[in-house]
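**Q** Take this structure first; my questions come after.
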Amino acid sequence: MTSIAAPTDATTLPATQWTAAAAHTWYDALPWQVGCNFTPAYAINQLEMWQAATFDLATIRAELTLAASLGMNAARVYLHDLLWEQDADGLIERIDAYLGVADALGIRTMFVLFDSCWDPHPEIGAQRGPAIGVHNSGWVQSPGMKVLAAGDQHDRLEAYVRGIVARFGGDARVLAWDIWNEPDNGPEVALCDPAQLKAKSDLVVPLLTQAFAWARAEAPMQPLTSGIWLGDWSAPDLFSPIQRLQTGASDVISFHNYGTAADFAQRVKWLKAFGRPLLCTEFMARPTGSTFEAILPTAKDERVATFCWGLVQGKTQTHLPWDSWATPYLDGPTGPWFHDIFDADGQPHLAHEVAFIRQITEPVAG
């Protein structure tokens with residue numbers, strides 16, 4: 001199979017990028033990684049999860065215990081640049097406390113540093129309540145559009161990236177660093193308008209390039225990545241400039257997929273051309289055919305790490321479908337939940353699904 005070459009334009013990579021061999025050495029030493037994108041039920045977004053006034057370690061422990069009961073050994077968790085600006089020392093203390101809980105349950109964490117999805121105007125402090133019947137109605141971008149457009153706060157963003165990675169880059173409880181979630185998304189997620197996506201991409205590319213370099217400057221023991229999510233990946237010339245940057249700069253290749261089993265398998269085949277370990281950092285939307293039963297068998301056979309979206313149904317309301325952005329589900333979902341596994345009281349949404357996850361992760365749990 002022909003390997004996909006790294007970019008050779010303005011996105012040329014720092015010399016300290018891991019070789020493919022080093023990436024496989026790291027990955028081969030791990031058990032199969034199975035986990036979730038974790039936001040505790042009490043939090044509508046990243047800010048509410050981590051701010052001192054709302055941070056709830058007891059709830060985090062209870063919910064991660066549910067994840068561990070499924071055999072999950074990994075979690076993907078979002079941070080935010082405003083948390084660092086507000087209270088860097090306190091944030092580090094809370095991250096350390098979180099990692100202590102997760103590690104005690106056998107769960108390692110991939111932290112996401114930046115995110116282009118949803119509300120482009122984040123504000124620190126008390127967060128609004130959920131919009132009735134709307135999927136993920138309170139999620140916020142990091143950094144916000146004002147910061148991206150102005151470009152005069154990169155020193156602050158550099159301090160955030162380097163500060164977090166310097167503190168936890170040698171911490172074995174951390175699995176990996178996801179530099180930027182869906183950097184070419186937004187500012188209006190529900191529309192995915194091509195013109196808006198390009199405008200956002202043009203703003204993000206310089207900062208994403210720098211963010212990889214800032215993180216690498218701290219020489220973390222963990223790999224860096226940023227996951228692709230749009231389009232046809234069957235050939236290098238089909239990748240957008242930002243996708244070439246993402247895949248070319250990553251130590252391990254990550255991607256999102258909410259398609260059927262056949263679509264997932266095809267995308268894994270395409271991405272193997274990079275010759276690096278593969279991590280599917282978002283999957284599982286029941287109505288689209290992206291179920292645990294459909295995806296995990298192929299992921300296990302191909303040894304692709306997988307992170308479903310959601311764990312316990314809560315303020316993010318991601319049990320509701322994406323089309324609730326346009327037409328709110330005022331009476332709740334009409335069929336199986338879109339995302340999430342457990343109800344607020346810890347009961348499985350689908351008992352047979354939970355039994356399947358426990359069965360397929362049994363070697364991991366053991």
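**Q** When residues of region 306-344 are filtered for being part of a loop (DSSP other than H, G, I, E, B), in contact (Cβ under 8 Å) with a residue 40 or more places away in the chain and surrounded by 15 or more Cβ atoms within 10 Å (Cβ to Cβ), how many remain?
**A** Looking only at that region, the number is 16.
**Q** Within region 345-354, restricting attention to residues that are free of Cβ contacts under 8 Å to residues at least 24 places away in the same chain and more than 13 Å from LEU66 (Cα to Cα), which residue is surrounded by the most Cβ atoms within 10 Å (Cβ to Cβ)?
**A** LEU350
**Q** Could you give me the residue pairs with C-beta distances under 7 Å whose first residue belongs to region 60-88 and is over 26 Å from PRO363 (Cβ atoms), whose second residue is of a type in the set (Asp, Glu) and not in a loop (DSSP other than H, G, I, E, B) wherever it lies, and which are 6+ apart or on separate chains?
**A** Within 7 Å, the pairs are TYR78/ASP115.
**Q** Criterion first (surrounded by fewer than 24 Cβ atoms within 10 Å (Cβ to Cβ), without any contact (Cβ under 8 Å) to a residue 40 or more places away in the chain and within 23 Å of ALA22 (Cα to Cα)) does VAL252 satisfy it?
**A** Spelling it out, it is not the case that VAL252 is surrounded by fewer than 24 Cβ atoms within 10 Å (Cβ to Cβ), without any contact (Cβ under 8 Å) to a residue 40 or more places away in the chain and within 23 Å of ALA22 (Cα to Cα).
**Q** If I filter region 50-93 down to residues being buried (at least 18 other Cβ atoms within 10 Å of the Cβ) and farther than 19 Å from GLY310 by Cα, which single residue comes out as nearest to the chain's Cα centre (by Cα)?
**A** Going through the qualifying residues, I end up with ASP81.
**Q** Go through (1) closer than 20 Å to PHE264 by Cα; (2) under 18 Å from the mean Cα position of the chain (by Cα); (3) surrounded by 21 or more Cβ atoms within 10 Å (Cβ to Cβ) one by one and return the number of the condition THR361 breaks.
**A** (2)
**Q** From ALA58, ALA62, ALA74, ALA68, grab the single residue that is in contact with a strand residue (DSSP E or B) (Cβ under 6 Å, 6 or more places away or on another chain) and at negative phi.
**A** Every option except ALA74 fails the conditions.
**Q** OK, next. Would you check which residues across region 265-305 are part of a loop (DSSP other than H, G, I, E, B) and of a type in the set (S, T, N, Q) and list them? Give the steps one after another, and end with the answer.
**A** Residues of region 265-305 that are part of a loop (DSSP other than H, G, I, E, B), as a first pass: 275-277, 284, 289, 291, 303-304.
Correct list: THR291 only.
Coordinate-derived values only; no laboratory data. Note that the coordinates shown come from a computational prediction; the quantities given were computed from them, not determined experimentally. No Cβ is skipped: glycine too gets one built from the backbone with ideal geometry, and neighbour counts run over all protein chains shown.
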